[in-house]
1. Name the pairs: first residue in region 83-100 and more than 12 Å from residue 27 (Cβ to Cβ) and hydroxyl-bearing (Ser, Thr, Tyr), second residue open to solvent by less than 90 Å² (accessible area, probe 1.4 Å) and part of a strand (DSSP E or B), Cβ to Cβ under 8 Å, at least 6 apart or on different chains?
2. Count, please, the residues in region 342-400 that happen to be open to solvent by 50 Å² or more (accessible area, probe 1.4 Å), among the aliphatic types (A, V, I, L, M) and within 30 Å of residue 216 (Cβ to Cβ).
3. Any idea which residue in region 270-284 is most open to solvent (accessible area, probe 1.4 Å), counting only those that are of a type outside the set (Gly, Ala, Ser) and touching a residue at least 60 places away in the same chain (Cβ under 8 Å)?
4. Show the residue pairs that are 6+ apart or on different chains and have beta-carbon atoms under 7 Å apart, the first residue being within region 371-391 and within 27 Å of residue 181 (Cβ to Cβ), the second being aliphatic (A, V, I, L, M) and open to solvent by 30 Å² or more (accessible area, probe 1.4 Å).
5. Return the only residue of 254, 303 being touching a helix residue (DSSP H, G or I) at 6+ places or on another chain (Cβ under 8 Å) and acidic (Asp, Glu).
6. With the requirement that a residue be open to solvent by less than 40 Å² (accessible area, probe 1.4 Å) and over 15 Å from the mean Cα position of the chain (by Cα), what does region 204-216 give you?
7. When you scan region 286-301, do you find a residue that is open to solvent by 10 Å² or more (accessible area, probe 1.4 Å), under 27 Å from residue 180 (Cβ atoms) and touching a residue at least 40 places away in the same chain (Cβ under 8 Å), even just one?
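The values are calculated or read from the model by the stated rules, or taken from the named source; none is laboratory data. Every value quoted in this text rests on a predicted model; they were computed, and no experiment measured them. Ideal geometry is used to build each Cβ from the backbone, glycine not excepted, and the neighbour counts take in all protein chains shown. Side chains are part of the model used for accessible areas, which takes the heavy atoms of the whole protein and leaves out ligands, DNA and RNA. Shrake-Rupley method; radii C 1.70, N 1.55, O 1.52, S 1.80 Å.
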Amino acid sequence: MRGFLALLFVFIGLTAPAAAHERSRSISNWQEIAGDMAGEFLLDARQATLLLATLPPETSLEDAFRLRLVDGIQVRRGGGLCSLAAPPVVRLLPDGRLQGRGAWACDLRTGPVEIDIQVYSPVSPNHVHFLQAQMELGERQEFVLTRGNTLARINATGEALSLPRRLGRYVSLGVTHILGGPDHLAFLSALLLVVATRRQILTATLGFTLGHSATLALAFLGWISPPGAAIEALIGFSILFVAGESAFQSARPDRRTVILVSAGLLAIGLVNSLLGGAVPITVWLGLVIFTGSYLAWLEAGGDVRRTIPAFSAGFGLIHGVGFAGILLELDLPRDDRVAALFGFNLGVELGQLIFVAMAGLLVVLVRQILPDRILAYGRLAAIAALSAAGGYWFLVRAWS
């Protein structure tokens, strides 16, 4: 109970204004002008640095982005190809985003418009692009594009999409988001290493679902606003912690381990705070209390599996804010917020169930093929890999 309360203290300590969830995403706003199409494209400059990988060393970030806008956007109207009227104008905004503006002239001035956006998705498998279009007639239309679905088909009259189609787009976004997020999948993998029975899998999954559903809604509605960089770091910590938790099923920590881990975490936290890291000092103190209390409980004879529902729900609170980050950046119209929240959360659940089902099936097949000794070594290798990944994400993001 002390450990769980300390975990809640960690979350409550995140009181700074929200920052962007570190996901690969971009936004474009399109407008019909006398039958032609004008577009504004926004991309975080830090993400745009990946565009330099295949270009000469002297290429500037603005030039790289301009080249991708020329090569990565195709506009059609009424079946005919629209041409870029002039090279896109690119500038760096004060908020750290690159802004690109361009106009596409269409020979056919009527009919539906198709815009294919492949500016950034080729260099990022989990990239999400949010496209908004305002035609001269009708309402604004929104499209959520991913690497496997880069085409937006815009109705010429601006007819709004039906509720089922809007829901479907956000469900697809939720599925893509979790299945394309290695940190969330790593956490689920670490949970599966701890559980042993179907009931434990159910309680772990249910706890994680309840936790992240609550904070997804609260963060999206603006009722809570933890700092995004700290949330990203704590997602890494959750992976490291649960992977380490699975290791303690066979070997309990001794008092020396409890002291060393707690003191080491406190020292890292003090250095991080003094150097202006992303994680507030109150959160570091909460992590020290949480980790020390839990390890002391294990030393005294506590059972790892008894903590599964509580800790999966507690860490789910942190992951839920991470899930909300992508919706917060999309500038959704007010009448679409309920559909977005419900559909996206449903998509996250479906993606989670797909991953757990596939992982469970793989475990069953492997157990039938490999001997117990090889399975034991494989489990240790998985614990080591997940601990390393979680520790890396935790420390790197804490200093971002």
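1. That search, which allows pairs on different chains as well, returns 83/104; 83/105.
2. Qualifying residue count for the region: 13.
3. Going through region 270-284, the residues of a type outside the set (Gly, Ala, Ser) turn out to be 270-272, 274-275, 279-284.
If we keep only those that are touching a residue at least 60 places away in the same chain (Cβ under 8 Å) too, we end up with 272, 275, 279-280, 282-283.
Details: 272: 0, 275: 123, 279: 4, 280: 40, 282: 58, 283: 0 Å².
The qualifying residue most open to solvent (accessible area, probe 1.4 Å) is 275.
4. 379/193; 382/193; 383/193; 383/247; 387/240; 390/240; 391/240
5. Numbers: 303 fails: touching a helix residue (DSSP H, G or I) at 6+ places or on another chain (Cβ under 8 Å).
254 is the lone residue from the list that is touching a helix residue (DSSP H, G or I) at 6+ places or on another chain (Cβ under 8 Å) and acidic (Asp, Glu).
6. First, the residues of region 204-216 that are open to solvent by less than 40 Å² (accessible area, probe 1.4 Å): 204-205, 207-209, 211-213, 215-216.
Residues satisfying the conditions are 204, 205, 207, 208, 209, 211.
7. no
Residues checked against (1) out of contact with any Asp or Glu (no Cβ under 9 Å at 6 or more places or on another chain); (2) crowded, with 17+ Cβ neighbours inside 10 Å; (3) assigned to a strand (DSSP E or B); (4) at pLDDT 90 or above:
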| residue | (1), (2), (3), (4) |
| --- | --- |
| 11 | yes, yes, no, no |
| 14 | yes, yes, no, no |
| 17 | yes, no, no, no |
| 28 | no, yes, yes, yes |
| 39 | yes, yes, yes, yes |
| 47 | yes, yes, no, no |
| 50 | yes, no, no, no |
| 53 | yes, no, no, no |
| 58 | yes, no, no, no |
